[in-house]
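See below for the structure under consideration.
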Ligand code: TYM
């Protein structure tokens, strides 16, 4: 039975990119045979500074969101990364077999530098902590969006370095990305990858006026509706494609390609997107409203998940310590 594991950073409210790239997969996969571990990467969140109260609130918010979207604690372990401190021990062991060059090649690190972020040592070694997360549970599959694939490959490399030096301790994990490219890399309001750090997100549970405002900010141009266009190149259509049933999507695409009097304008596309988001997430929004009233329940779920996860990580940590002569 495979072990499936993934993590989400509590660095802001979860957005449509997180949902289509990762959470939707997580919620669907829990029904497949195997053991399922999903965690809130609060150690990782410290690489971008935030206050203690805000971090606590965001961790709680991610847990609420997972449960509202249908993660079932009877089928999948949901826990806080920092409730399993063994991962930080594994991080050190992996750091000592990993060359600087591997980390210097990390796209997401280079991206952050390019966006003017002043890097800490923690940000630089982020992929080592992530490798420890993955390897601690003997994970077989890691369901993530496309942007995290390189990090999973780095975890494969680090497992290989350690095993090469000390013998077979870590299992080789594989990334699992959504089959449709549109889901694996969801665009943000500006057409770049949707990302908390780019401020171009739509919150999964947004609705009403706020949602209208966010959708209103999606980038368009001044071409009139009658002008024929490539629908795949339009950001409102790229987002709409995540929601519409195939037949309806094909109709929209056809009308946009043809142009002329009956062709929909950007306003129409945005209006349809608004409806689609409201409808898709209505049940989860209602569930979230209920769960907000029960913070103790959410905390109990996290504690229960952590107990199982920690036992697993301890065993791996002990194996790794013994292999390298620390026990
Ligand atoms: P994070 O918090 O940035 O994102 C969580 C998940 O959402 C996916 N995602 C996207 N997918 C498609 N389109 C987008 N625009 C988009 N934006 C985000 C990400 O690919 C990810 O699957 N380093 C990880 C957290 C982590 C982790 C781990 C993941 C820590 N340890 C171990 C897996 C295994 C991160 O920052 O994800």
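Some notes on this structure:
For every residue, the table says whether it meets (1) over 27 Å from residue 30 (Cβ atoms); (2) touching a helix residue (DSSP H, G or I) at 6+ places or on another chain (Cβ under 6 Å); (3) within 8 Å of the ligand (Cβ to nearest atom).
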position: 129; (1), (2), (3): no, yes, yes
position: 136; (1), (2), (3): no, yes, no
position: 143; (1), (2), (3): no, yes, yes
position: 146; (1), (2), (3): no, yes, yes
position: 154; (1), (2), (3): no, yes, no
position: 163; (1), (2), (3): yes, no, no
position: 166; (1), (2), (3): yes, yes, no
position: 170; (1), (2), (3): no, yes, no
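- Taking the range 214-252 as the range and being under 19 Å from residue 190 (Cβ atoms) and assigned to a helix (DSSP H, G or I) as the test, the residues that pass are 214, 215, 216, 231, 232, 233, 235, 236, 237, 238, 239, 240.
- Each residue in the range 128-147 was checked for being in a helix (DSSP H, G or I), touching a strand residue (DSSP E or B) at 6+ places or on another chain (Cβ under 7 Å) and closer than 19 Å to residue 87 by Cα, and 2 of them qualify.
- Out of 122, 191, sole residue that is modelled with pLDDT of 95 or more, closer than 29 Å to residue 234 by Cβ and either outside any helix (DSSP H, G or I) or more than 14 Å from the chain's Cα centre (by Cα) (or both): 191
- Selected residue (only one of 188, 199 is surrounded by fewer than 20 Cβ atoms within 10 Å (Cβ to Cβ) and closer than 28 Å to residue 287 by Cα): 199
- Pick from the range 194-213, criterion farther than 16 Å from residue 237 by Cβ, in a loop (DSSP other than H, G, I, E, B) and in contact (Cβ under 8 Å) with a residue 60 or more places away in the chain, ranking: nearest to the ligand (Cβ to nearest atom): 195
- Pair list, Cβ under 6 Å, 6 or more apart: the range 168-185 residue part of a strand (DSSP E or B), other residue more than 9 Å from the ligand (Cβ to nearest atom): 174/141; 176/141
- Residue within the range 215-227 that is crowded, with 17+ Cβ neighbours inside 10 Å, farther than 23 Å from residue 61 by Cβ and either over 21 Å from the mean Cα position of the chain (by Cα) or within 12 Å of the ligand (Cβ to nearest atom) (or both) present: yes
- The set of residues in the range 253-262 being in contact with a helix residue (DSSP H, G or I) (Cβ under 7 Å, 6 or more places away or on another chain) and modelled with pLDDT of 95 or more consists of 253, 256, 257.
The values are calculated or read from the model by the stated rules, or taken from the named source; none is laboratory data. Everything numeric in this text was worked out from a predicted model, so none of it was measured. Cβ atoms come from the backbone with ideal geometry, glycine included; neighbour counts cover every protein chain shown.
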